[in-house]
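Report on one structure; see the data block that follows.
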Ligand code: GLU
């Protein structure tokens with residue numbers, strides 16, 4: 001029997017001596033004010049047991065991690081073929097790059113880069129009555145946490161400064177891959193990015209992906225086993241910006257990171273783990289978060305590889 005709590009403590013102590021590299025995501029004014037030394041981690045097993053350390057229950061801005069929620073909602077509920085609107089290939093460029101998108105004629109490389117997340121929002125608006133409430137209710141349903149909210153200040157802060165995201169959506173609109181009004185699409189996109197959740201809540205929300213598509217605590221199926229496999233595959237190859245190769249190499253789990261400094265990863269049939277440390281490396285992933293997860297899968301021998 002693995003003593004996860006002890007392993008958490010061991011890794012935490014080992015990382016105390018590691019240099020605090022990286023910077024918080026200061027291109028979003030509201031996020032620039034975050035104390036870079038926050039740290040939290042949480043593990044929820046498919047069997048229901050839970051382990052946490054430090055600020056594992058403190059909420060933070062989950063940013064791009066939310067792209068998994070909006071994507072799964074679209075993948076599970078909409079009738080149109082979402083793969084006609086986006087691909088499943090790693091980006092090979094930064095998360096908000098325009099270069100590749102021009103080359104690919106407005107078709108995002110995958111649903112987890114910004115362009116892909118924006119197209120998912122466009123699809124949700126076309127297919128659902130109230131897409132914003134639908135995403136929020138979906139996150140509440142899969143996590144079992146009823147008081148999760150958008151942070152309107154963070155969303156507003158991005159609306160005022162998200163020039164590159166507006167460039168992406170305009171470019172895609174010029175290629176015919178955005179069907180709705182740009183402001184409506186971006187309002188949904190920035191709202192989704194502004195969701196605040198703790199590591200504990202994130203592990204609960206992601207647990208169905210470790211459980212063949214079924215929420216363990218309610219028994220409700222969210223995705224078929226085949227779609228669960230595919231979602232995990234896209235997280236593995238595209239969930240960590242232009243660093244999915246390194247993450248696979250060092251940690252070896254499917255997951256998703258966000259510029260708020262959070263990372264969630266799952267081990268099929270075993271667990272969901274989330275870590276939060278706001279200092280980001282050059283690729284936009286949490287520096288300490290990656291080191292923590294690397295040590296975790298090494299010590300517990302629980303990489304999927
Ligand atoms: N809201 C952020 C943006 O659009 C999300 C980036 C991220 O977490 O990857 O720039």
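All of the numbers you see were taken from the coordinates with simple rules; none came from a lab. These numbers come from a predicted model, not from an experiment. Neighbour counts are summed over all protein chains in view; Cβ atoms, including those assigned to glycine, are modelled from backbone coordinates with ideal geometry.
For the range 67-219, treating each Cα as an identical point scatterer without solvent, what Debye log10 I(q)/I(0) comes out at q = 0.09, 0.10, 0.14, 0.15 1/Å? Relative scattering, expressed as log10 I(q)/I(0), comes to -0.28, -0.34, -0.68, -0.78. Note on residue 3 and residue 161: their simple-model spin labels are 4.5 nm apart, each label 7 Å out from Cα toward Cβ.
Stretched out straight at 0.36 nm per residue, the stretch from residue 76 to residue 305 would grow longer than its current Cα-Cα span by 79.7 nm.
Taking a ≥ b ≥ c as the square roots of the eigenvalues of the Cα gyration tensor of the range 57-112, is the shape rounded (a/c under 1.5), prolate (a/b larger than b/c) or oblate? The shape class here is oblate. Taking the centroid of alpha carbons for each part, the range 166-196 and the range 1-79 are 26 Å apart. Mind running the shape call on the range 34-86? Use the C-alpha gyration tensor, a ≥ b ≥ c as the square roots of the eigenvalues: rounded below 1.5 for a/c, prolate if a/b tops b/c, oblate otherwise. Verdict is oblate for the range 34-86. Peptide packing: for 13-24, 106-117, 235-246, 179-190, the average count of neighbouring Cβ atoms within 10 Å per residue gives the ranking 106-117, 235-246, 179-190, 13-24, highest mean first.
Here is how the number arises for the chain: DSSP H runs of 4 or more residues each give -39500 (n - 2.57), the sum is divided by the residue count, and the result at 222 nm is -13500 deg cm²/dmol.
More than 21 Å apart: what percent of Cα pairs in the range 217-304 qualify?
27
Here the extension length gained between residue 126 and residue 152 equals 7.1 nm, from 0.36 nm per residue of separation less the Cα-Cα distance. Taking a point 7 angstrom from the Cα of residue 16 along the C-beta vector, which residues in the range 263-305 have backbone N less than 17 Å away? Within reach of a label on residue 16, which here means backbone N under 17 Å from a point 7 Å along Cα→Cβ, the range 263-305 contributes 292. State whether the range 1-61 is rounded, prolate or oblate according to the following rule on the C-alpha gyration tensor (a ≥ b ≥ c being the square roots of its eigenvalues): a/c under 1.5 gives rounded; otherwise a/b larger than b/c gives prolate, and the remaining case gives oblate. In terms of gyration-tensor shape, oblate.
Per residue, how big is the convex hull of the range 139-201 when only Cα atoms are used? Give it in Å³.
Output value, Cα hull per residue: 106 Å³.
Grouping the Cα pair distances of the chain into 10 Å bins from zero gives a pair-distance distribution of 6, 30, 38, 20, 4, 0 percent in increasing distance order. Evaluated at q = 0.15 Å⁻¹, the base-10 log of the normalised Debye intensity for the range 179-235, with identical point scatterers placed on the Cα atoms, takes the values -0.62.
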